[in-house]
Amino acid sequence: MTDFRDARWYAMRPARSTKPATYRCPLCGRLLPALIEHTLVLPEGDVSLRRHAHTACVVKARRAGRLALREEIEPRGPSLLARLLRRG
């Protein structure tokens, strides 16, 4: 995967920086100052492809069915404790 939009799932976390940088939101194309609260989006958890996006753009994309989370695409299996209890 080489393009941000080709990912099957995304990891996301809140972000804010004190450095005087400006990013371009991959969802709307507008500029995003690093000093405001925004969201860091990692396609398939790949740090090298991470992008800074407006939180409102992320919310809008999620509501539209884009930017699926890993848990939605690859549900977790039973926990270790649950597996051990099943052996009973």
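The values are calculated or read from the model by the stated rules, or taken from the named source; none is laboratory data. Keep in mind that this is a model prediction, so the values were computed, not measured. FYI the Cβ positions are ideal-geometry reconstructions off the backbone, even for glycines, and counts take in every protein chain you see.
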Original post:
Cβ-Cβ below 8 Å, separation at least six or inter-chain, first residue in the range 64-88 and farther than 30 Å from Cys25 by Cα, second among the charged types (D, E, K, R) and exposed (fewer than 10 other Cβ atoms within 10 Å of the Cβ): which pairs?
Top reply: Pro78/Arg86
**OP:** Tell me which residues, restricted to the range 47-70, are of a type outside the set (A, V, I, L, M), part of a helix (DSSP H, G or I) and loosely packed, with under 10 Cβ neighbours inside 10 Å.
**Re:** Ser48, Arg63
Subject >> Residue within the range 39-46 that is surrounded by 17 or more Cβ atoms within 10 Å (Cβ to Cβ), part of a loop (DSSP other than H, G, I, E, B) and hydrophobic (A, V, I, L, M, F, W, C) present >> reply: no
Original post:
In the range 1-21, what count of residues is obtained for those that are of a type in the set (Ser, Thr, Tyr), farther than 29 Å from Glu74 by Cβ and exposed (fewer than 13 other Cβ atoms within 10 Å of the Cβ)?
Top reply: 1
Original post:
Taking only pairs six or more apart or across chains, which ones have beta-carbon atoms under 9 Å, a first residue in the range 25-46 that is acidic (Asp, Glu), and a second residue that is modelled with pLDDT of 95 or more?
Top reply: Glu37/Pro14; Glu37/Thr55
Subject >> Subset of the range 1-22 [more than 11 Å from His52 (Cβ to Cβ), of a type in the set (Val, Ile, Thr) and touching a Pro at 6+ places or on another chain (Cβ under 8 Å)] >> reply: none
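Got a sec? Which of Thr22, Thr55 is touching a strand residue (DSSP E or B) at 6+ places or on another chain (Cβ under 7 Å), over 14 Å from Ala7 (Cα atoms), without any contact (Cβ under 8 Å) to a residue 24 or more places away in the chain and of a type in the set (Ser, Thr, Tyr)? I'd like the intermediate steps shown before the answer.
Numbers: Thr55 fails: without any contact (Cβ under 8 Å) to a residue 24 or more places away in the chain.
Sole residue among the options that is touching a strand residue (DSSP E or B) at 6+ places or on another chain (Cβ under 7 Å), over 14 Å from Ala7 (Cα atoms), without any contact (Cβ under 8 Å) to a residue 24 or more places away in the chain and of a type in the set (Ser, Thr, Tyr): Thr22.
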Original post:
Is there a residue in the range 22-35 that is of a type in the set (D, E, K, R), modelled with pLDDT of 95 or more, loosely packed, with under 14 Cβ neighbours inside 10 Å and assigned to a loop (DSSP other than H, G, I, E, B)?
Top reply: yes
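Evaluate the range 17-31: report whether one residue or more is farther than 21 Å from Leu69 by Cβ and of a type in the set (A, V, I, L, M).
Here is the first cut: in the range 17-31, the residues farther than 21 Å from Leu69 by Cβ are 17-24, 29-31.
With of a type in the set (A, V, I, L, M) added as a condition, the list becomes 21, 31.
Yes, some residue in the range 17-31 is farther than 21 Å from Leu69 by Cβ and of a type in the set (A, V, I, L, M).
Condition first: closer than 22 Å to Ile36 by Cα and more than 13 Å from the chain's Cα centre (by Cα). Now tell me which residues in the range 61-88 satisfy that. Steps first, answer last, please.
As a first pass, look at the range 61-88 and keep what is closer than 22 Å to Ile36 by Cα: 61-62, 67.
Answer for the range 61-88, where residues must be closer than 22 Å to Ile36 by Cα and more than 13 Å from the chain's Cα centre (by Cα): there is none.
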